[in-house]
Every structure is written in C-alpha cells, then in structure tokens.
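One structure is given here, and the rest of the page talks about it.
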Amino acid sequence: MIVARDISEFQRARALLGASVGFVPTMGALHAGHSSLIQQAKAHNEATIVSIFVNPTQFLEGEDWDAYPRQEMHDLAMCQSLGVDIVFMPTIEAMYGSDELAIMAPCKAGYVLEGATRPGHFGGMLQIVMKLLNLTRPTRAYFGKKDAQQLALIIKMVKEYFMNVKIVPCEIVRDESGLALSSRNAYLSTTQKVQALALSQSLHRASSLIEQNQLDCAILKEQILEVLQGVDRVDYAEIVNRNFEVIQTIDKNNTIILVAAYLGTTRLIDNLWV
Ligand code: PAF
C-alpha cells in the first residue's frame, strides 16, 4: 500500500494502477461504514484508492474542524488490512491555494435541510469532491446514503459537469443498537449514545406506520417528533422527495425521511429511503 502525501507522489502511484479504479473519499476516523465502502470498491474494481482529508472548506466557523477525530495510524492499518492500493493524505496547502475560484453554488436541493443549517457546507464539500475526483480519475466512487443530500448533489455535479465517473450509493451501516455509524459518534458519552438511538428509532416508527399504509406526512412527522423527544434538540425532521422538496403524502418510490438532532453539542443525522 502506498501512502501519498503530496500530489506528485500521488500521481506517480496513480499512473501504475490497472484499468478500473474504485475511489472512497473520507475525512478519516474510519469505521465499519467506511470499510463497507472500501470493500465494495475492492469488489468492483482492479484497484482501490482511499483519500483521508479533513476538508476545512466544508466546516463552518465555530464547527468541529479542530476537534474532528484524527486517527492516522488506525486509519492506515484499516486500509492496509482491507487491501487498499493507495491512501492519499494531502495537506491543506496541496489542495487549496490562497485565492481560489469558487465555482460550486449548490442548487435548490443544496439550500434546504443540511444546507439551511450549515450554509456554505455543500459548496465546500462539492469543491473538494470535484478536486479529488479530478485527481484520482476513478472508474467508480463510493458514497454512503447517510449523507443523502451530499450524495444527491455529487450525482448532480458529476452529471452536469460531464465528469467521467460512476457514483455508487451505498447503504447506511448501523451498529447492533441501530445507531448509524458516524465519525462524530466518537464525541458521545455513554448516556448520549443511548439518547442518540432516538434518531434511528424515530425512522423505524415512521417505517412501521408506512408499512401499515399511513401515508400522511403530517401524522408521520408528529410520530417522528414524539420519538425524538429523547434528544437534547431537534434540528429538523422532514419528509421530502428525491429533489429534497417537502411532500404531504408518502410516495413509496420517491421519499426520503431525514432527521438531524443534537446530543449536547454533537449534531447527528440519519435518514430512511422509503
Ligand atoms: O462524507 C465525507 O466524509 C466528506 O463530506 C467527503 C465526501 C469525504 C468530502 O470531504
């Protein structure tokens, strides 16, 4: 496994890879959700690249960029054991100049929900994902459905900018209690981990009601909010179509239910694709 820390080192290693390349971009603090993305990349492609970069432009002023868990040894050991070919770990200076073009204003779907709570987040996320895709030139790139809006915006960017890569959406990975895996779970105390179950449980309640044919979003939202009383503060609980527009009635082929909530200062998100 090659660990490339600058662009030319990375490009030399990239030039030696086979015909099909799978790419998993990450911000490190790798967990079983990431290993599932890496395993899928390994299964579908001749070679696999993982990037580890805590991208400053997608964090807002006062968010957790400083505190974001950094576990280089652990992450490299995990990549090694999964058979990754190249780990790309650039510095901020390698990825950004001092006066950059800002070309990515997200569309309508990027200004609601996560985009409303975290203005600027999606612009920074798209900026780094475009840079990473241009550098790594993968055949396929793997993204988790937990960041549903992120995934939708990346698919749109790749289509609209004629980028030659297939984006592969991957299922959410949960621990045995149902908590969606996230690097930010590391911030939670034992009590908060229990409280955090309210997120997945609220989605579970909605899913059971939908199975019983309750399709009225107002009623479903009430039920979701009732379960979410377990958290410290709900940021949003919303039922939308795949364009992230709020809907009144569930369409079983075109609905995502999204929740975001705080446990102390930790903000977690979860969702269910109906
Ligand atoms: O989902 C993430 O970890 C990040 O948003 C990504 C895609 C690696 C871009 O920094």
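The values are calculated or read from the model by the stated rules, or taken from the named source; none is laboratory data. Keep in mind it's a predicted model, so treat the numbers as computed, not measured. Note that we place each Cβ from the backbone using ideal geometry, even for glycine, and neighbour counts take in every protein chain shown. Surface accessibility is based on the protein's heavy atoms, side chains included, excluding ligands, DNA and RNA. Shrake-Rupley method; radii C 1.70, N 1.55, O 1.52, S 1.80 Å.
When G230 is tested against the conditions (1) more than 16 Å from the ligand (Cβ to nearest atom); (2) among the small types (G, A, S); (3) open to solvent by 50 Å² or more (accessible area, probe 1.4 Å); (4) at pLDDT below 95, the lone failure is (3). Scan the stretch 13-24 for residues that are under 20 Å from M130 (Cα atoms) and either buried (at least 24 other Cβ atoms within 10 Å of the Cβ) or without any contact (Cβ under 8 Å) to a residue 60 or more places away in the chain (or both) and the total you get is 4. Note on the stretch 150-180: residues that are within 11 Å of the ligand (Cβ to nearest atom) and touching a residue at least 40 places away in the same chain (Cβ under 8 Å) total 1.
I'm trying to understand the selection: among the residues of the stretch 161-179, which are hydrophobic (A, V, I, L, M, F, W, C) and more than 11 Å from D147 (Cα to Cα)?
Matches in the stretch 161-179: F162, M163, V165, I167, V168, V173, L179.
Kindly indicate whether G18 is within 19 Å of L126 (Cα to Cα) and of a type outside the set (S, T, N, Q). Spelling it out, it is not the case that G18 is within 19 Å of L126 (Cα to Cα) and of a type outside the set (S, T, N, Q). Scanning the stretch 78-91 for residues that are open to solvent by less than 60 Å² (accessible area, probe 1.4 Å), out of contact with any strand residue (DSSP E or B) (no Cβ under 6 Å at 6 or more places or on another chain) and on the phi < 0 side of the Ramachandran plot yields M78, L82, P90. When restricted to residues that are touching a residue at least 60 places away in the same chain (Cβ under 8 Å) and more than 14 Å from the ligand (Cβ to nearest atom), the stretch 42-59 contains 2.
Taken over the stretch 13-41, the residue count meeting the criterion of being over 16 Å from I2 (Cα atoms) and away from the ligand (no atom under 16 Å from the Cβ) is 3. Beta carbons closer than 7 Å, at least 6 apart along the sequence or on distinct chains, pair a first residue in the stretch 185-199 that is farther than 19 Å from H34 by Cβ with a second that is open to solvent by less than 40 Å² (accessible area, probe 1.4 Å) and modelled with pLDDT under 95 for Q195/G230; A198/G230.
If the condition is being among the small types (G, A, S) and within 17 Å of L209 (Cα to Cα), then the stretch 223-266 contributes only A237.
Taken together, D64, D75 contain a single residue that is within 16 Å of the ligand (Cβ to nearest atom), among the charged types (D, E, K, R) and modelled with pLDDT under 95, which is D64. Looking only at the stretch 129-149, which residues are open to solvent by 40 Å² or more (accessible area, probe 1.4 Å), within 12 Å of the ligand (Cβ to nearest atom) and free of Cβ contacts under 8 Å to residues at least 60 places away in the same chain? Within the stretch 129-149, just K131 meets the criteria. Taking strands (runs of 3 or more DSSP E) as the structural unit, no element lying wholly within the stretch 1-73 holds at least 3 residues that are at positive phi. Counting the residues of the stretch 203-213 that are touching a residue at least 24 places away in the same chain (Cβ under 8 Å) and open to solvent by less than 70 Å² (accessible area, probe 1.4 Å) gives 4. Across the stretch 109-128, the qualifying residues are those that are more than 10 Å from the ligand (Cβ to nearest atom) and hydrophobic (A, V, I, L, M, F, W, C), and the one among them that is surrounded by the fewest Cβ atoms within 10 Å (Cβ to Cβ) is A116.
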